[in-house]
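What follows is calculated from the coordinates using simple rules that are stated; it is not laboratory data. Computed from a prediction, not measured in an experiment: that's the story for all the values here. In this analysis, Cβ positions are derived from the backbone assuming ideal geometry, glycine residues included, and neighbour counts consider all displayed protein chains.
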Amino acid sequence: MRKIFLTPLALFFMLNQACAQSAALTENVTANKKVVVYTTAKNSNLRITPTDTLGFKDFGQPLETQPCVFIDPTHSFQEFIGIGGAFTDAAAETFGSMNKQTQAEFLKAYYDNKDGIGYTLGRTTIHSCDFASSSYTYVAENDKELKTFSIEHDQQFRIPLIKQAMKTAGGKLTLFASPWSPPAWMKDNKNMLQGGKLLPEFYSSWANYFVKYINAYEKEGIPIWGLTVQNEPMAKQSWESCIITAEEERDFIKTYLGPTLHKAGLGDKKLIAWDHNRDLIYQRASTILNDPEAAKYVWGIGYHWYETWTGSAMQFENVKRVKESFPNTNVFLTEGTVERFKFEGMSDWSLGEKYGNSMINDFNSGSVAWTDWNIVLDETGGPNHVGNLCFAPVIYDRRDGKIHYTNSYYYIGHFSKFVHAGAKRIATSSSRDVLQTTAFQNTDGSIVVVVMNNSDKPMAYKLWLNGKVVEVNSLAHSIATLVF
């Protein structure tokens, strides 16, 4: 191989050329560009409402007394996959109780990018979870060979909902599936609820269960993009749950699930490990990904946000540690919701701010996607067969047939409506801690900047890009998306 040596003068010219190209890129981005600002704010009727159209002007060096949000599209990071929510039985049953006109409104609100917030991602469950009217599986008792496997249960509510959502989204959704528990007869406690463990003699049957599930759903015209190995594997719950240690998950992946998927011609499915909280994420990721035979099957590490039960801050740094240590492995939030539903609590502005805080920091930590829990629930925060009632961004009141859009729906929409699949996160920072921010560049070149102010006071700031600024006013308790 011929080695090429650069003289200091040649290197100087190369660096100058690179700087010129960077400056040209910025000029191209800002020249004659108008920044459209969309705002959602407390104590107002602003809900993803266009509030300003602004132009860049020359500015130069900002002072410390001038609040700024800085963006730099010459530095990009992870590729964005999508944002969405979960098609649980509870969501599907609630959707099924709506009349046709209300169903159409609901589908458009979530899955239409022009008139809704443009969801492109979805999660669903492999048989039952807590958000269902009852526990069930797809096979008969003690059917180790899975000869009785059938998704007939899902054909009443869940499959029709997913198909209609796909149609509204333009014919496609990125859909992944998660199990909450193997069938009771496969477990040591003989119960789908209350934790328990998968018995080793059923490891092969359980791996084949995933294959049966994928094939059955795809026969219905619903492609399965990915799978998580086990929902919340370190939680013994009063609902469907199963304990699996890091070592057990590692060994199940490399010895059973990974090879079984590949043998069945399903090696292209994205296999996602962990699928639990940020608190233990590094221990789980390192145990699995430091084993090459397990790691070769794992596309990503999924996580939830429920470590905040203790009142501590969300542990975004743990996600960053995983991404730093395993840069070729994807990370993304697979579930988050606000618990302990109260109908009168739907107007609580902190619902949306929790979503905004999580989404901004998760994306800045390297997340490629973000998935809410139930897309819709009824006026009780259910149905839920164990009383584990929660909020959803959309609540449907069966008593009067009205849909209620909480502010979390709009906070999510500030991301999902404007950031499109294939976008790259770009460098951004804020000079004030009350202005949280993240930014993306879409494949069409458009730039999307999200800025959230969860303080009690408005703050004027400058959106700064290589010496040019637009002047923006951030309202108290607001989130804004700036697009140009």
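Laid out as a table, the results:
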quantity: Segment 338-345 - phi-based ³J(HN,Hα) in whole Hz, Karplus 6.51/-1.76/1.60, Gly and Pro as x; calculated: 9, 8, 6, 5, 9, 4, 6, x
quantity: Over 26 Å between alpha carbons, listed pairs LYS114/LYS167; LYS270/LYS402; LYS212/LYS254; LYS108/LYS402; LYS163/LYS212; LYS354/LYS417; calculated: LYS270/LYS402
quantity: For ASP275, distant residues with modelled amide H under 5 Å away; calculated: GLY302, TYR303
quantity: Nearest 10 degrees, 0 to 90: helix 8-30 Cα axis against the chain principal axis; calculated: 80 degrees
quantity: In order through segment 232-239: 3J(HN,Hα) via Karplus (6.51 cos²θ - 1.76 cosθ + 1.60), integer Hz, x for Gly, Pro; calculated: 6, x, 10, 10, 8, 10, 6, 10
quantity: Considering only the chain, percent of DSSP beta bridges that pair antiparallel, nearest 5; calculated: 60 percent
quantity: ASN113 versus THR65: modelled label distance in nm, points set 7 Å from Cα along the beta carbon direction; calculated: 4.5 nm
quantity: Residues whose placed amide H lies under 5 Å from that of THR120, excluding near-sequence neighbours; calculated: ILE83
quantity: Estimated FRET transfer efficiency when R0 is 22 angstrom, pair THR255-TYR136 (beta carbons, to 0.05); calculated: 0.20
quantity: Residues listed by number, segment 186-215, amide nitrogen under 17 Å from GLU145 label point at 7 Å toward C-beta; calculated: 202, 204-206, 208-209, 212
quantity: Cross-link reach list, lysines versus LYS462, counting only Cα pairs under 17 Å and skipping chain neighbours closer than eight places; calculated: LYS33, LYS34, LYS57
quantity: Inter-label distance, nm, simple model (7 Å from Cα along the C-beta direction), GLU344/LYS163; calculated: 4.3 nm
quantity: Full-extension gain in nm, SER429 to LYS320, via 0.36 nm per residue minus C-alpha separation; calculated: 37.6 nm
quantity: Size of charge dipole - the chain - debye, nearest 20, with Cβ of Lys, Arg +1 and Asp, Glu -1, no other charges; calculated: 1120 debye
quantity: Selected from THR53, LEU175, ALA216, residue furthest toward positive end of dipole (the chain; charges at beta carbon); calculated: THR53
quantity: Extension gain (nm, one decimal) between GLU218 and ALA104, 0.36 nm per residue minus Cα-Cα; calculated: 38.6 nm
quantity: Degrees between helix 316-325 axis and first principal axis of the chain (Cα, 0 to 90, nearest 10); calculated: 90 degrees
quantity: Amide hydrogen neighbours beyond the local backbone of PHE80, cut-off 5 Å, H modeled; calculated: GLY422, ALA423, LYS424, ARG425
quantity: Helix-only mean residue ellipticity at 222 nm for the chain, each DSSP H run of n ≥ 4 adding -39500 (n - 2.57), per residue, nearest 500; calculated: -8500 deg cm²/dmol
quantity: Inter-label distance for LYS296 and ASP188, nm, one decimal - labels placed 7 Å from Cα along Cα-to-Cβ; calculated: 3.0 nm
quantity: Theoretical FRET efficiency, 1/(1+(r/R0)^6), r = Cβ-Cβ of ASP456 and ARG399, R0 25 Å, to 0.05; calculated: 0.10
quantity: Derived scalar couplings ³J(HN,Hα) [segment 134-144; Karplus, 6.51 cos²θ - 1.76 cosθ + 1.60; whole Hz; x for Gly, Pro]; calculated: 6, 7, 7, 10, 9, 10, 6, 4, 6, 8, 5
